[in-house]
Amino acid sequence: MRPGDGEVLHFSEDPTITEFVPHVAATARVPGAYVWAVDAQRAPAYWFPRECPRVLTWPTASSAAADVARIIGPSGAPRLHAVEYAWLERMRSVQLYAYRLPAALFRPFGEPEPERLRGEPEPTAHVAEVPVRPLGPPELVADLFALHEEAGIELRVLPRLWPLWDAIVASTLGFSGIRLRNALPPDR
């Protein structure tokens, strides 16, 4: 499930949205009211139940081969996504929808990356500051596990995310953590 040309996506468990209105997200780390969406590259980060904590990592041009081998491992996958066992049933049963939105109403939005990744910032999302109507009805997103498999993304299931998160943020890999406040507490 990725956007087509001229589109961005918004993922939701609510199939009744007829218009997206700019708002300050409860999890916002930046000021401003926005409608949030993602492009094709970022879409896989949202192939999860909305509140599911997840850790995402990928090699960058400056990643050390040793970090790739140690954290991503021998799978050869271009990305690694990880969730906790507690979320498996929810991933199987969630009714997730994708809304296709007109990309022309959005601008790239880049959040600060860790110091080692500085340079030309990549957008982490796309935002609109005006109300946005979907291009059509929402589409039910298919099997989340199959989406990962078809995209060649390794999906790792762990008792807790924190040991992997700690290893990733100390590495040279690119990374993102989404909804980590919902993860089980660290077992330290």
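Before moving on, here are some points about what is shown:
- Pairs are defined by a Cβ separation below 8 Å, a sequence spacing of at least 6 or placement on different chains, a first member in region 84-98 that is at pLDDT 95 or above, and a second member that is among the polar types (S, T, N, Q) and surrounded by 13 or more Cβ atoms within 10 Å (Cβ to Cβ); the pairs so defined are Leu96/Ser12; Tyr97/Ser12.
- When residues of region 1-58 are limited to those that are assigned to a loop (DSSP other than H, G, I, E, B), among the small types (Gly, Ala, Ser) and without any contact (Cβ under 8 Å) to a residue 60 or more places away in the chain, the one surrounded by the most Cβ atoms within 10 Å (Cβ to Cβ): Ala40
- Test for Ile72: is it surrounded by 12 or more Cβ atoms within 10 Å (Cβ to Cβ), among the hydrophobic types (A, V, I, L, M, F, W, C) and in a loop (DSSP other than H, G, I, E, B): no
- Residues satisfying the stated conditions in region 25-53, i.e. modelled with pLDDT under 90 and β-branched (Val, Ile, Thr): Thr27, Val30
- Condition check for Arg2: modelled with pLDDT of 95 or more and in contact with a helix residue (DSSP H, G or I) (Cβ under 8 Å, 6 or more places away or on another chain): no
The values are calculated or read from the model by the stated rules, or taken from the named source; none is laboratory data. Nothing here was measured: the structure is a model prediction, and the numbers come from that model. FYI the Cβ positions are ideal-geometry reconstructions off the backbone, even for glycines, and counts take in every protein chain you see.
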